[in-house]
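Below is one structure; the comments refer to it alone.
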Amino acid sequence: MRFTSEQRLDDDVLERQFTLGEIPGILWTPGSGSAPAPLILMGHPGGLHRLYPRLMARARHCVAEGFAAATLELPWSGDRPRSAAAEETRADLHRALEAGEPVDDELVDRLVLPLVEKSVPEWRAALDALLPLPGIGGAVGYAGGVISIGIRLAVVEPRISAALLFAGSFVPRTMFEEARQVTIPLQVLLQWDDEGNDRQAALDLFDAFGTREKTLHANMGGHTGVPHFEGDAGNQFFARHLR
């Protein structure tokens, strides 16, 4: 991992951009003199430049509560090399959505499973690089989407102690079986009127999670209408489980 830039934001949050090999990422940490902070990995649908304002706001909210936050660019997104297969699959998805056709299981598998297989080892490598850094210490949480990435990480990465998962992305049927293997505390955030999400599938997935401690927060509104108070609820969830 190599840091490529550094800036101090106006609330004394240190923001450092880095590359992990060729993968761009960003790390936000509390100001100097703070105690070592638990780390929250922030998932997203891809495109760090496009999503930067939203990611920075999420990260600053986390850091204000004493956490560190980090994110990575997803495969085939942003400035990372493209995949012809991924581009073809995205085009097929857009055609289906524009035509009002159902998105079948085969298309969901092509869309999501290669992303999970490639990105999860990258997130684990990021943990290897981030956890030894000064100012980071304690347990690790995962927050955000793509929800299938969060599910796989919750199953295979023992350093992750709790996860706040954002419903709102397509979920392959095979991930329901993996969900039954999740044992860490979960909080799942669902927008009830998410125009791109199958509400019943999201509820079925929540039911499938094997952990004994799981909470569903469902709010009215579309995909981008998450209430601001859910940020506070997420911090409270991680405070219970990462400290």
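Would you check if GLY66 is under 21 Å from VAL116 (Cβ atoms) and under 21 Å from the mean Cα position of the chain (by Cα)?
no
If you take the residues of region 157-183 that are in contact (Cβ under 8 Å) with a residue 40 or more places away in the chain and among the β-branched types (Val, Ile, Thr), which of them is farthest from ALA143 (Cα to Cα)? Walk me through it before giving the result.
Of the residues in region 157-183, the ones in contact (Cβ under 8 Å) with a residue 40 or more places away in the chain are 160-162, 164, 166, 168-175.
Filter once more, keeping what is among the β-branched types (Val, Ile, Thr): 160, 171, 174.
Working: ILE160: 11, VAL171: 17, THR174: 21 Å.
Selected residue: THR174.
Just for region 7-61: of the residues that are hydrophobic (A, V, I, L, M, F, W, C) and surrounded by fewer than 15 Cβ atoms within 10 Å (Cβ to Cβ), which one is nearest to ALA163 (Cα to Cα)?
Restricting to residues being hydrophobic (A, V, I, L, M, F, W, C) and surrounded by fewer than 15 Cβ atoms within 10 Å (Cβ to Cβ), the top hit is ALA57.
Consider region 1-59. How many of its residues are of a type in the set (A, V, I, L, M, F, W, C), under 23 Å from PHE229 (Cβ atoms) and more than 18 Å from the chain's Cα centre (by Cα)?
Matching residues across region 1-59 total 3.
Can you list residue pairs whose Cβ atoms sit under 9 Å apart, with the first residue in region 193-207 being closer than 13 Å to ASN219 by Cβ and the second being of a type in the set (Asp, Glu) and assigned to a loop (DSSP other than H, G, I, E, B)? Count only pairs 6 or more apart in sequence or on different chains.
Here the result reads ARG199/ASP193; ALA202/ASP194, each pair linking region 193-207 to a residue that is of a type in the set (Asp, Glu) and assigned to a loop (DSSP other than H, G, I, E, B).
Would you mind listing the strands (runs of 3 or more DSSP E) fully within region 100-194 where at least 1 residues are among the hydrophobic types (A, V, I, L, M, F, W, C) and over 18 Å from ILE40 (Cβ atoms)?
186-191
All of the numbers you see were taken from the coordinates with simple rules; none came from a lab. No experiment lies behind these values; they were computed from the predicted model shown. Every residue, glycine among them, receives a Cβ derived from its backbone with ideal geometry; neighbour counts consider all protein chains shown.
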